[in-house]
Amino acid sequence: MNAATSKIIRALIIIVVLVFFVSKVYESFKDNYNTEEAISYNVNENIVFEGVFVRNETVITHDTHGVIDYLYPDGSKLSNSSIIANIYENEQQIYAKYKIQELYKELDNLEHSQNPGTTSYAKPDTIKSQIDDKYLQITAAIEACDLKKVTSLKNDLVTLMNIYNVVTKSETDYKDREEEINKQILNYQNQYALPISTIETNQTGYFVSSTDGFEDVITIDNVNSVNIELIENIIEGKGAQKKENAVGKIFDSYECKIVGVIKPTNKFLKGDSLKIRLGTSDITYHVDVYDIIKENDKQWILILDCEAIDEKISNERVEKIELIFQEFTGLKVPREAIRFKELIETQQDENGLDVAVKVKYKGVYVRMGQEITFKKINVIYEGDNFVISENISDTNYLNLYDQIILEEVSKDDS
């Protein structure tokens, strides 16, 4: 091969390489579409507002000259003439009373922990597993801010640990601790005195130890005459009319009305049955639309009739209310990416014969590596600038994490 031929061959090779490189660069730029990943998305049409609880409540008053010790938790049902609280001369007497109860409970735990009927058949591994379980339950109760449950679980945990110590011979008995507890009980008994008076109910109903001054401002009897200003004042705590010497209140039923201000809507009518959630709770309650007062074009007053709200919020006046409607979960698709395409499909005609027909589908173009493919979508919700497509396990439909192309796709690519 002479020098001239060699030069020509080298030139041709260089040209081929350049053409290949330029074509790849061109393809890269030509297919450089903007994309957005198909992600799982949830949309609900729920209505949230600040709701005011309305009941017929009777305020309990008492001329107290001392310290009140309530005997029942809020929401407890009491009969007429029940003693709801004792009055002591000072807080030290109440403290002594509860310390005595606490110490007697510890004595009972110690007695149970070393009882042969308990320890004879107990296995260390089993008890240790129960201790670990109680610890996890206490952690969960602390995270849930359930202090009452924490106290109960703590007592159970202490008892299990005491049993474990006896079973594993770490302790033979708890006589020293029992003697110490009995001395403490005697000391607190010397500090304790009987209550100087008591507070009784004057009717049967559910008791709450606090008042907010709105007991007579808004009631079941006047709920139809509420206005937006009154509702907003109650939510903000304005206009309360607290009674002197109020020590609590009582209401006859957990049935109540809930009033609030909402934006105009066509989602429900008077008499409809709905579901609500309170605050951040997952518990749902059934309510009926008692009335809708269209006070103006921008704000309506909604009055709900609720058969039962439990004792956990018996002392609440205002709570976030969420009216529950339909929820949609699927793949979020930008509206700008939606395209229409005719696909050839095989269908059966009236004679049962397979025929090829054109079917127009709504869908999007997606990038799959270097390929661009049209995928169908099934729209289940339409937003302002996006839609929700049903997540279908079919490669012909849009799937999770597909790269949706936002721009028009050229005919050469589609």
(1) surrounded by 15 or more Cβ atoms within 10 Å (Cβ to Cβ); (2) out of contact with any Asp or Glu (no Cβ under 6 Å at 6 or more places or on another chain); (3) at pLDDT below 95: which one isn't true of N315, the others all being true?
(2)
Can you pull out the residues in segment 59-103 that are surrounded by 16 or more Cβ atoms within 10 Å (Cβ to Cβ) and among the β-branched types (V, I, T)?
V59, I60, V67, I68, I84, I87, I94, I100
All but one of (1) within 26 Å of L71 (Cα to Cα); (2) loosely packed, with under 15 Cβ neighbours inside 10 Å hold for Y188, so report the exception by its number.
(2)
When segment 191-201 is examined, which residues are found to be open to solvent by 20 Å² or more (accessible area, probe 1.4 Å) and touching a strand residue (DSSP E or B) at 6+ places or on another chain (Cβ under 8 Å)?
A193, P195, I196, S197, T198, E200
Among (1) open to solvent by 60 Å² or more (accessible area, probe 1.4 Å); (2) under 13 Å from G363 (Cα atoms); (3) touching a residue at least 24 places away in the same chain (Cβ under 8 Å); (4) not acidic (D, E), which single condition is T395 missing?
(3)
R367 vs. criteria open to solvent by 50 Å² or more (accessible area, probe 1.4 Å), basic (K, R) and either at pLDDT below 95 or in contact with a Ser or Thr (Cβ under 6 Å, 6 or more places away or on another chain) (or both):
yes
Starting from segment 216-239, take each residue that is closer than 18 Å to I262 by Cβ and list its partners that are in a helix (DSSP H, G or I) and aromatic (F, W, Y), counting only C-beta distances under 6 angstrom and pairs at least six apart or across chains.
none
Starting from segment 399-412, take each residue that is closer than 10 Å to E336 by Cα and list its partners that are open to solvent by 30 Å² or more (accessible area, probe 1.4 Å) and not in a loop (DSSP other than H, G, I, E, B), counting only C-beta distances under 7 angstrom and pairs at least six apart or across chains.
I405/T35; I405/R367; L406/T35; L406/E36; L406/E336
For E179, which of the numbered conditions (1) over 30 Å from L110 (Cα atoms); (2) outside any loop (DSSP other than H, G, I, E, B) fails to hold?
(1)
Considering (1) in contact (Cβ under 8 Å) with a residue 24 or more places away in the chain; (2) assigned to a strand (DSSP E or B); (3) open to solvent by 30 Å² or more (accessible area, probe 1.4 Å); (4) over 30 Å from K149 (Cβ atoms), say which one T373 fails and leave the rest.
(1)
Of the criteria (1) in contact (Cβ under 8 Å) with a residue 12 or more places away in the chain; (2) closer than 30 Å to N56 by Cβ; (3) not in a helix (DSSP H, G or I), which one D173 fails:
(2)
Being surrounded by fewer than 18 Cβ atoms within 10 Å (Cβ to Cβ), hydroxyl-bearing (S, T, Y) and over 30 Å from G239 (Cα atoms) narrows T168, T204 down to just T168
Please work out if A140 is within 30 Å of S209 (Cα to Cα), of a type in the set (A, V, I, L, M) and either touching a Ser or Thr at 6+ places or on another chain (Cβ under 9 Å) or modelled with pLDDT of 90 or more (or both).
no
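The values are calculated or read from the model by the stated rules, or taken from the named source; none is laboratory data. Given the structure is predicted, the values throughout are model-derived calculations rather than measurements. Neighbour counts run over all protein chains shown; Cβ positions are idealised from the backbone, glycine included. Calculation scope for accessible area: heavy atoms of the full protein, side chains included, ligands and nucleic acids excluded. Shrake-Rupley method; radii C 1.70, N 1.55, O 1.52, S 1.80 Å.
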